[in-house]
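Encoded as structure tokens, the structure appears first; notes follow it.
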Amino acid sequence: MTYQVGGLIQAADINSHITNVNSILTDKGLTGLSTITAGQTVRAADWSSITSVVSSLGAHHNVTLSSMDTPTSGGTAKFINVLGTNIASINSNKRNAAAQGSYGTNIAGTTTSSAATRWARAITFTQTVTFASPQAAQNFFNAGGQVTIQYSHPAGTGIDGVFNALASACGTLTISSPNSGTVRIASTDYTGFQRIGGSGTPVPYATNAGYYGLTTTTQTMFKLLGGTYTNPAPGGGSYSANFIQLDAFTSASGATINLVSTFSESTTGGLLTTAGSTSLVTIRPPSTTYIANTWGTPTLVSAAVSGS
């Protein structure tokens, strides 16, 4: 920075801040601020423009900012010393989000894939989340968007009891942005892929396979075995080898997330289940209270249900 207390505010002084703010804006597909031309007078309106954007970004990312005394029109344009510190704080938290938005009643934010018939050995659900472009998908996750998967199966004993308990034990499987580390969204810390709730120990459990950890190669995100469930009906019987598994990969250069969920009980000899196993995929869009929607409305499709 070239600015000195009592000296003239030069274009380079404010442009360095604008450049740093623009890197945060473009991370979410938002339009950047215009820089100041060398020799141009730095107006109160220029400071107001940048501080207004920084305040909105701070609120979106849940970052507490130091007070910025913005000059008023007609007054002396004073350099805002805390501006750089505020921008740096936002940048270090630029994938966090204070809150999430919601879809209106006319926009499908969920898709449920259901097994309408009884099945034995295995049932597979293939579901996709598709954005208009790879950039739209990146904007969605960079702004705090998430995709979740939840399972269910009718209650019962025997094999139905196994998958009813297993589906509940899977909790809510959540895909956020990171391929390492964590983000904080709506007051909760998330790895790239994380189970919220549930029980038992999944193996594997690809915690770093958030959106940016997914590739075009299918990877197993989560697999949970039946554990210690024992049939309460006369005769007992263990079902510990049965499992629910989630695989995922991207296509269309990252614009589409493919989710493949499998309920498997083939190791028990192919017992016939009750109909009604389900896989529910939900989109949790970023909040648009302080920033604009640059990700559009992704399409949710239950592409296939196959069983044996």
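Yes/no matrix, rows are residues, columns are (1) farther than 23 Å from LEU224 by Cα; (2) surrounded by fewer than 19 Cβ atoms within 10 Å (Cβ to Cβ):
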| site | (1), (2) |
| --- | --- |
| SER253 | yes, yes |
| SER261 | no, no |
| GLU265 | no, no |
| GLY270 | no, yes |
| THR274 | no, yes |
| SER277 | no, no |
| THR288 | yes, yes |
| ALA303 | yes, yes |
- Contacts under 8 angstrom Cβ, first residue in the stretch 252-264 being over 15 Å from PHE141 (Cβ atoms) and in the same structural domain as GLY213 (by TED's automatic domain parsing), partner small (Gly, Ala, Ser) and surrounded by fewer than 19 Cβ atoms within 10 Å (Cβ to Cβ), 6 or more apart: ASN258/SER251; THR262/ALA122; PHE263/ALA122; SER264/ALA122
- Task: Could you run through the stretch 54-71 and say how many residues are farther than 14 Å from ALA143 by Cβ and in a helix (DSSP H, G or I)?
- Result: 3
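What about ASN96, is it under 30 Å from THR19 (Cα atoms), at pLDDT 95 or above and not assigned by TED's automatic domain parsing to the domain that holds ILE244? Walk me through how you get there before you give the answer.
On the way: under 30 Å from THR19 (Cα atoms): yes; at pLDDT 95 or above: yes; not assigned by TED's automatic domain parsing to the domain that holds ILE244: yes.
So ASN96 passes the test.
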- Item | Verdict on GLN194 being assigned to a strand (DSSP E or B), in the same structural domain as SER264 (by TED's automatic domain parsing) and free of Cβ contacts under 8 Å to residues at least 40 places away in the same chain | yes
- Task: Could you check SER176 against (1) farther than 24 Å from PRO298 by Cβ; (2) of a type outside the set (Asp, Glu); (3) within 10 Å of the chain's Cα centre (by Cα) and say which number it fails?
- Result: (1)
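Rundown of residues vs (1) part of a helix (DSSP H, G or I); (2) in the same structural domain as ILE291 (by TED's automatic domain parsing); (3) touching a residue at least 60 places away in the same chain (Cβ under 8 Å), yes/no style:
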{"site": "PRO154", "(1), (2), (3)": "no, yes, yes"}
{"site": "ASP160", "(1), (2), (3)": "yes, yes, yes"}
{"site": "ASN164", "(1), (2), (3)": "yes, yes, no"}
{"site": "SER168", "(1), (2), (3)": "yes, yes, no"}
{"site": "GLY181", "(1), (2), (3)": "no, yes, no"}
{"site": "GLY198", "(1), (2), (3)": "no, yes, no"}
{"site": "THR216", "(1), (2), (3)": "no, yes, no"}
- Qualifying residue in the stretch 35-53 (condition: closer than 25 Å to THR288 by Cβ, at pLDDT 90 or above and either small (Gly, Ala, Ser) or surrounded by fewer than 17 Cβ atoms within 10 Å (Cβ to Cβ) (or both)): yes
- Query: Restricting attention to the stretch 105-154, which residues are of a type in the set (Val, Ile, Thr), crowded, with 17+ Cβ neighbours inside 10 Å and more than 18 Å from the chain's Cα centre (by Cα)?
  - Reply: ILE123, THR124, THR126
- Item | Answer residue from the stretch 174-212, given it is surrounded by 15 or more Cβ atoms within 10 Å (Cβ to Cβ) and among the hydrophobic types (A, V, I, L, M, F, W, C) and is farthest from LEU246 (Cα to Cα) among those | ALA186
- Task: Filter the stretch 160-169 down to residues that are of a type outside the set (Asp, Glu) and surrounded by fewer than 24 Cβ atoms within 10 Å (Cβ to Cβ) and give me whichever is farthest from ASN93 (Cα to Cα).
- Result: GLY161
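The values are calculated or read from the model by the stated rules, or taken from the named source; none is laboratory data. Here the structure is a predicted model, which is why all the values come from computation and not from measurement. Every residue, glycine as well, gets a Cβ built from its backbone with ideal geometry; the counts of neighbours run over all protein chains shown.
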